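Trainee: Provided herewith is a single structure, encoded as structure tokens, for subsequent inquiry.
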Amino acid sequence: MIRTKIAGIGKYLPSNVVTNNDLTKYMDTSDEWIQERTGIKERRYATKHKETTTTMGAHAAKEAIERAGITKDDIDFIVFATISPDYYFPGCGVLVQRELGITKNEVGALDVRNQCSGFVYGLEVCDQFIKTGKYKNILFVCSEMHSMGLDFRTEGRGVSVIFGDGAAAMVLQPTEKEGQGVLTTHVHSNGTHAEELALINPGSHGGYHLGTEQFGYPDPDKYGGVFVTQKMVDDHLLAPNMNGKLVFKNAVTKFPEVIKEALSTTGLISSEIDLFIPHQANLRISQFVQKRLGLSDDQVYNNIQKFGNTTAASIPIAMCEAWEEGKIKDGDLICVAAFGSGFTWGSGLIRW
Ligand code: UT7
């Protein structure tokens, strides 16, 4: 039976460390509040004009390709997950293809934008392509540069303090080794609360935040065909908004639910998980889920303390770090799960 294995994994974190105290220069917040509510001590911010979502992804991809023991010309498909792309379009898939010079076979490049669940959704997509025999070396890149689009005023502190920049990548290949590889993936969505964690502007709805009187297309006489207006800039409407409490409440329900779905599909139980790598949204969410699943501290990997929430990149960054630290070994059962904007959520079980 053909399954998908992670043949090589790499990561890239910008060198610029931003502590909680650094953020107090811009907004009314404190190290104590951020650590207590989220577990975050510091995060990384990319260097503007030098680093982008694509360049960070390319660094991680080079490491993954090298560790897989292949060359860039062996890559036969690219999948790129991000919600903070270099451009509105084209997506980062073709940009990383150009950056890495994967030009020989002009392979396909697909962009996945499923927010915090981007890794799990992307993994499910790659897994299907590998299992059907369509591709033999998929480059799966997850990268985020949030620092370029956050509201650093006190009004935006509920969102801006949690996000960080970073990238990870992996080469996915078929394996026929008994028991090895991606055992199962599960993805879900419910758009009821789509605007409760969202970057609404600019968009084809042409308006401002839902629920405000200004909703609707900008005055064409005043703004022509552009969908970014001066008013959006003046009103600080070009940054993400989040109903943190609602997201938190849904996350702590859906995380255990979707993990149990993966376990019951495979006939495994939580005590058999060697390492659970949750999306790094909030340390309190991870700890809640750990408790619900009855996992010991040794069975869970968290690094939100150092890197904050890097949405699509958070699981593979943590996976790469855990692997580099020797905390993932051949044969280990790895569980991944995520919840975020959409709402979207998902899980996966991988035998390393
Ligand atoms: O990865 C994407 C998915 N996202 C998530 O999973 C995030 C889920 N939600 C959360 O992690 C939490 O809701 C947050 C960390 C975002 C917020 O924590 P909270 O415990 O829900 O705080 P809150 O938003 O209810 O705010 C409590 C108080 C408020 O003040 P008042 O009204 O009680 O006076 C806020 O204004 O804390 C205030 N506050 C802050 N104070 C200092 C909000 N953000 C900050 C801040 N620094 N950064």
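The values are calculated or read from the model by the stated rules, or taken from the named source; none is laboratory data. These numbers come from a predicted model, not from an experiment. Neighbour counts are summed over all protein chains in view; Cβ atoms, including those assigned to glycine, are modelled from backbone coordinates with ideal geometry.
Trainee: Just to be sure I understand the filter: pairs with C-beta atoms under 6 Å, separated by 6 or more residues or on different chains, first member in segment 30-43 and among the charged types (D, E, K, R), second member assigned to a helix (DSSP H, G or I) and buried (at least 16 other Cβ atoms within 10 Å of the Cβ). Which pairs pass?
Mentor: Close Cβ pairs (under 6 Å, with a partner that is assigned to a helix (DSSP H, G or I) and buried (at least 16 other Cβ atoms within 10 Å of the Cβ)) amount to 31/20; 43/307.
Trainee: For segment 151-173, which residues satisfy the criterion of being touching a Ser or Thr at 6+ places or on another chain (Cβ under 8 Å) and surrounded by fewer than 19 Cβ atoms within 10 Å (Cβ to Cβ)?
Mentor: 152, 154
Trainee: Search segment 229-270 for residues being polar (S, T, N, Q) and touching a residue at least 12 places away in the same chain (Cβ under 8 Å), and hand back the single one that is nearest to residue 152 (Cα to Cα). Spell out how you get there, then give the answer.
Mentor: Initially, segment 229-270 is screened for residues polar (S, T, N, Q), giving 229-230, 241, 243, 250, 253, 264-266, 270.
Subsequent filtering for residues that are touching a residue at least 12 places away in the same chain (Cβ under 8 Å) retains 241, 243, 250, 265-266, 270.
On the way: 241: 12, 243: 17, 250: 26, 265: 43, 266: 44, 270: 40 Å.
Within segment 229-270, the match that is nearest to residue 152 (Cα to Cα) is 241.
Trainee: Being more than 29 Å from residue 140 (Cβ to Cβ), in a loop (DSSP other than H, G, I, E, B) and in contact with a Ser or Thr (Cβ under 9 Å, 6 or more places away or on another chain) is the filter; apply it to segment 12-27 and report the residue that is farthest from the ligand (Cβ to nearest atom). It would help to see each step written out before you state the result.
Mentor: Taking segment 12-27 and keeping what is more than 29 Å from residue 140 (Cβ to Cβ), we get 19-27.
Cutting the leftovers down to in a loop (DSSP other than H, G, I, E, B) gives us 24-27.
Okay, now just the ones that are also in contact with a Ser or Thr (Cβ under 9 Å, 6 or more places away or on another chain), so 24, 26-27.
Values: 24: 9, 26: 11, 27: 7 Å.
Out of the qualifying residues, it is 26.
Trainee: I've got another one for you. Would you say residue 54 is surrounded by 20 or more Cβ atoms within 10 Å (Cβ to Cβ), under 21 Å from the mean Cα position of the chain (by Cα) and among the β-branched types (Val, Ile, Thr)?
Mentor: In short, yes.
Trainee: Return yes when residue 9 is within 13 Å of the ligand (Cβ to nearest atom), outside any helix (DSSP H, G or I) and surrounded by 20 or more Cβ atoms within 10 Å (Cβ to Cβ) and no when it is not.
Mentor: Values: within 13 Å of the ligand (Cβ to nearest atom): no; outside any helix (DSSP H, G or I): yes; surrounded by 20 or more Cβ atoms within 10 Å (Cβ to Cβ): yes.
No, not satisfied.
Trainee: Next question, about the same structure. For residue 277, indicate whether it is in a strand (DSSP E or B), farther than 30 Å from residue 155 by Cα and modelled with pLDDT of 95 or more.
Mentor: yes
Trainee: Something else now. Given the criteria more than 16 Å from the ligand (Cβ to nearest atom), modelled with pLDDT of 95 or more and in contact with a helix residue (DSSP H, G or I) (Cβ under 9 Å, 6 or more places away or on another chain), does residue 326 qualify?
Mentor: So residue 326 does not fit the description; no.
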